[in-house]
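The values are calculated or read from the model by the stated rules, or taken from the named source; none is laboratory data. Owing to the predicted nature of the structure, the values given are computational and were not obtained by experimental measurement. Glycine gets a Cβ as well: all are built from the backbone with ideal geometry, and neighbour counts include every protein chain shown. The protein model used for the area step is the full one, side chains on, heavy atoms only, and it has no ligands, DNA or RNA in it. Shrake-Rupley method; radii C 1.70, N 1.55, O 1.52, S 1.80 Å.
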Amino acid sequence: MEKFDFINSEIFFREKWKNNNAFKQYTAVAGKENYYVLEMLPYPSGKLHMGHVRNYTIGDVVARYKTMNHFNVLHPMGWDSFGLPAENAAIQNGSHPAVWTFANIENMKRQLNLLGFSYDWEREIATCTPEYYRWNQWLFIKMFEKGLAYKKKASVNWCPHDKTVLANEQVENGCCWRCGTNVIQKDLEQWFFKITDYSEELLQDLSLLEGGWPDKVLAMQKNWIGKSQGTQVDFTLEGSDSKIPVFTTRPDTLYGVTYVVLAPEHPLVSHILSINPSIKAGVETMKSEDRFERSSEFSEKHGLYTGQNVINPINGESVPLWIGNYVLMDYGTGAVMAVPAHDTRDFQFAKKYSLEIKVVIQNSNNSLCATSMETAYTEEGTLVNSAQFSGLQNRESIEKFTLHLSEIRAGDFTTKYKLRDWLVSRQRYWGTPIPFVYCENCGMVAEKLENLPIALPQDIEFTENGNPLSTSESFMNCSCPKCGKSAKRETDTMDTFVDSSWYYFRYITPHEDNAMFGDSVNKWMPVNQYIGGVEHAVLHLLYARFFTKVLRDIGMVTHAEPFTNLLTQGMVLSNSYFCPDCKLYFNLTELNERKTCPKCNLPLTVKMEKMSKSKNNGIDPERIISEFGADAARLFILFAAPPERELEWSENGLMGASRFLSKYWNFIQENLNVYQNIDFISVETLSSSGKDLLKNLHKTIKKVTRSIEDNFHFNTAIACVMEYLNLVSSLKSSLSTEEDKKLIFHIMKNLTLLLQPFVPFITAKIFIDLGYTQDIHTIDWPKYKESLTVDNIVKMGVQVNGKLRGELEIAADASEEVIKSEALKIDKVGKYLENVEIIKIIIIKKRIVNIVIK
RNA sequence: GCCUCGGUGGCGGAAUAGGUAGACGCACAGGACUUAAAAUCCUGAGGUAUCUAAUACCGUGCCGGUUCGAUUCCGGCUCGAGGCACCA
């Protein structure tokens, strides 16, 4: 028997699908519901990695499954093709970033097609093309007009390695998300999107996503937005009218305030320095401290006494005013009231500088004493030393304090968020130019919409120094859109996350020339199923939600959320091989049989961890495809773990997948010519094995369907098919009747349909071999008859006092009386029942009998 | 410290409106085929005890609860992964 020639089959069907435009989406198919399945678009780095393969395989199964289930499926793919690596490559080898980028796109597109993904390539987009990024510019100007884009001087995150600023979301543990370099702070004039206008809605609408998005992602976004409800309290600088508002969630401790601390960047600080210049140097040092160092919980808190005092509005008391490195200007009001008795941080600070400690909340044994306390008391208790509030339960007093402050006009309820505005300008070439010009007469002016796109210039030299755009005469020099006089262009470009914040709209009308997208977006959006990595939980996924709300508010779309369902696929892990002596990681392909260090021959440390360049444990998808075939690669990835969990790469597991495909292939080849195109089975004339197989076929169809529908657990879906094929091979020798032979054909056809979404190449080949002429991916998904999935005879476990003692085969509809008497007849059960009293017998039909004895 | 998720054989993982734990696959062992190997096929297997079978007991991180019955529900721990973290 011939083996499956996956190499030639894959070539054949790739060509066929391409020539026939097999996965083109015809939007006009009537009577079908639309279904938009989308995978996060890749950055064209050059080659697919296993993470891509997993992501896109999952998406492809969904697309193919939904297509077979009568949906109009939209399944597009494109390229997030602006970004630094292209520019760095250009600096290194002197070519243009576009050349590098499009070469990478070509290669990765070829690789995607190797895997048989069912994309509608007519909808392909690349964000680095002027046809795409002109709409970034268009929206930017719209947002500027609405006050949602603005420019201001601010202390911003600067990556010295990538030589550009970064948004807060792009700083991880104080390091650049891309290159890992320590981020520093710089005061720069930068562009921002006012995402904070949407803080509350971005938070509230998370409830619309419950059930559709993983809890983890919802929680991460909630924390990132960081809503905190509290009270603003206005302290007054003693001897002046200057108010110092502070934000607190604990107004109940107001009588315990013994000092107030300002951030060194607080606007009042310059006034204080003019009165007390002696601390100027100290303040400057504080400001120059690394921001992430400074805001780390573990770094030393320190402060300076200003020489000034402030008045506590609740009691008119005068307390010292300090400046402290741990107070952040960009959260709350940049000033905090300190209650050392009841706040851990304030307590440490007060001890360090010998500041007063005042107890205002007593514990239940009344034992708190300021002089003997060793830590702050942060639990609940009763208010003391708090004038008319004394005696109240502290939690319950919070509202009363705030109402009182409001009455005396010294404070009110207020809400703060941790979310900051999105810094979107970048000092690099390979991004969307920000469409503004600077005119000596008119100042900063937005470009006219009809002049868009403002295209990236070609006369560019790529060097290590500065933004290359500023070296282009043709780009820099322009005329003012307002007065027409000569002017200079903005040289900053947009963060590439702007591109990916709305690309899913563009796929719907990718060739629309007159607008960002056409009206039909509302027929397809929101995306039914979005699939991608969890690393974008507070980056792309937050920005995309923000953009959708902005687009709704300018009347472009009708919905509030872009992605109804989100699947975050797990990481792909594989063994890394580390030599502790040479301090080197080796790739599996460089190792000998014994897996010892190729350099020093000592044993290597083997560890299962995320595939990465630094661990040198990546597996090249293309090697896998050429050795085992695309189907085997897809099948293994889907089978080894449920999609949301981590996937451990295993060459043996891959061989298992491959082995299953051979079994399936062989089964088909053995029975190919027995019958063709017979789709009618008369149950009565089947042999008993035949009946058994038919029933189990329907059970299998049901289980596979459920596994996919319920939670995309493709691993169990595939397991069911494997189980069924095992059953078929064990029973096929006992098939005897003519009807049985027809059944075999019926089984071959349905198994093939069930496997199609997972392994498209082999199933396409077999479908043709079975005598069909249509493309298999356009055929209806098999249906099961509920009546055939229920058994007439069932197995029931028989327990005595909850322990399994025997088993019973009995008619599914047997009465309790019959079940009881049959259960008691079982020898293995009976021996536990001698000389004991049976208290009761519990019968759960089709499942279990439990005999309770004394 | 806070938030989220998780802990089941040698391994990846099944099974939860509470009802026969370990499907499917990998690895392993034995056998068949072969001059031999590979490939393929068949068989076996949670652990402990007994020579084997039969059997008994133990078993879903730990302790306790509810129940005829708990991997599943409840309470308390513990360990691991990920995220946030001086947020006032």
Given the conditions (1) among the hydrophobic types (A, V, I, L, M, F, W, C); (2) touching a Ser or Thr at 6+ places or on another chain (Cβ under 8 Å); (3) part of a strand (DSSP E or B); (4) closer than 30 Å to A:Ser650 by Cα, report the number of the one that A:Val73 does not fulfil. (4)
Subset tally (residues that are touching an Asp or Glu at 6+ places or on another chain (Cβ under 9 Å) and open to solvent by 20 Å² or more (accessible area, probe 1.4 Å)) for segment A:654-671: 2
Scanning segment A:813-854 residue by residue, those loosely packed, with under 12 Cβ neighbours inside 10 Å, near RNA strand B (Cβ under 9 Å from one of its atoms) and polar (S, T, N, Q) turn out to be none
Restrict the check to segment A:3-24 and report whether at least one residue is part of a strand (DSSP E or B) and within 29 Å of A:Val99 (Cβ to Cβ). no
Segment A:259-290 - residue that is open to solvent by 70 Å² or more (accessible area, probe 1.4 Å), within 16 Å of RNA strand B (Cβ to nearest atom) and not in a loop (DSSP other than H, G, I, E, B) and, of those, farthest from A:Pro340 (Cα to Cα): A:Ser288
Report the residue count in segment A:514-533 for those that are assigned to a loop (DSSP other than H, G, I, E, B), over 25 Å from A:Phe193 (Cα atoms) and in contact (Cβ under 8 Å) with a residue 40 or more places away in the chain. 1
Residues in segment A:602-622: is at least one part of a helix (DSSP H, G or I) and open to solvent by less than 60 Å² (accessible area, probe 1.4 Å)? yes
When A:Ile105 is run through (1) surrounded by fewer than 19 Cβ atoms within 10 Å (Cβ to Cβ); (2) touching a residue at least 40 places away in the same chain (Cβ under 8 Å), the failure sits at (1)
Does A:Glu380 meet the test of being open to solvent by 30 Å² or more (accessible area, probe 1.4 Å), without any contact (Cβ under 8 Å) to a residue 12 or more places away in the chain and either under 30 Å from A:Ile460 (Cβ atoms) or under 45 Å from the mean Cα position of the chain (by Cα) (or both)? no
Members of segment A:689-727 found to be acidic (Asp, Glu) and either more than 9 Å from RNA strand B (Cβ to nearest atom) or outside any helix (DSSP H, G or I) (or both), listed by number: A:Asp692, A:Glu709
Sort out which residues of segment A:548-597 are part of a strand (DSSP E or B), of a type outside the set (Val, Ile, Thr), within 20 Å of A:Leu647 (Cα to Cα) and in contact with a Phe, Trp or Tyr (Cβ under 9 Å, 6 or more places away or on another chain), and write them in order of number. A:Leu566, A:Leu567, A:Leu573, A:Ser574, A:Asn575, A:Ser576, A:Tyr577
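Condition check ((1) within 16 Å of RNA strand B (Cβ to nearest atom); (2) aliphatic (A, V, I, L, M); (3) open to solvent by less than 40 Å² (accessible area, probe 1.4 Å); (4) closer than 16 Å to A:Val498 by Cβ) across all residues:
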site	(1), (2), (3), (4)
A:Phe401	yes, no, yes, no
A:His404	no, no, no, no
A:Asp421	yes, no, yes, yes
A:Arg428	no, no, yes, yes
A:Thr432	no, no, yes, yes
A:Cys439	no, no, yes, no
A:Leu449	no, yes, no, no
A:Pro457	no, no, yes, no
List every residue pair whose Cβ atoms sit under 8 Å apart, with the two residues 6 or more apart in sequence or on different chains, where the first one lies in segment A:637-659 and is on the phi > 0 side of the Ramachandran plot and the second, anywhere, is more than 6 Å from RNA strand B (Cβ to nearest atom) and of a type in the set (Gly, Ala, Ser). none
I'd like the full set of residues that are more than 7 Å from RNA strand B (Cβ to nearest atom) and either buried (at least 19 other Cβ atoms within 10 Å of the Cβ) or of a type in the set (A, V, I, L, M) (or both), limited to segment A:334-357. A:Ala335, A:Ala338, A:Val339, A:Pro340, A:Ala341, A:His342, A:Asp346, A:Phe347, A:Phe349, A:Ala350, A:Leu355, A:Ile357
Enumerate the pairs (first residue in segment A:1-23 and closer than 26 Å to A:His75 by Cα; second residue anywhere and hydroxyl-bearing (Ser, Thr, Tyr) and open to solvent by less than 100 Å² (accessible area, probe 1.4 Å)) with beta-carbon separation below 7 Å, excluding pairs fewer than 6 apart on the same chain, so at least 6 apart or on different chains. A:Phe23/A:Ser118; A:Phe23/A:Tyr119
Across segment A:140-189, what is the number of residues that are acidic (Asp, Glu), touching a residue at least 12 places away in the same chain (Cβ under 8 Å), out of contact with any Lys or Arg (no Cβ under 7 Å at 6 or more places or on another chain) and open to solvent by 60 Å² or more (accessible area, probe 1.4 Å)? 1
Count of segment A:409-419 residues which are open to solvent by less than 40 Å² (accessible area, probe 1.4 Å) and out of contact with any Gly (no Cβ under 8 Å at 6 or more places or on another chain): 2
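In segment A:358-372, how many residues are more than 16 Å from RNA strand B (Cβ to nearest atom) and β-branched (Val, Ile, Thr)?
Summing the residues that are more than 16 Å from RNA strand B (Cβ to nearest atom) and β-branched (Val, Ile, Thr) in segment A:358-372 gives 2.
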Filter result for A:Phe193 (touching a strand residue (DSSP E or B) at 6+ places or on another chain (Cβ under 8 Å) and either open to solvent by less than 10 Å² (accessible area, probe 1.4 Å) or of a type in the set (Val, Ile, Thr) (or both)): yes
Considering only strands (runs of 3 or more DSSP E) wholly within segment A:412-494, the ones with at least 2 residues that are aliphatic (A, V, I, L, M) are A:443-446
Would you please name the residue that is nearest to the chain's Cα centre (by Cα), looking only at residues in segment A:210-222 that are assigned to a helix (DSSP H, G or I) and touching a residue at least 40 places away in the same chain (Cβ under 8 Å)? A:Val217
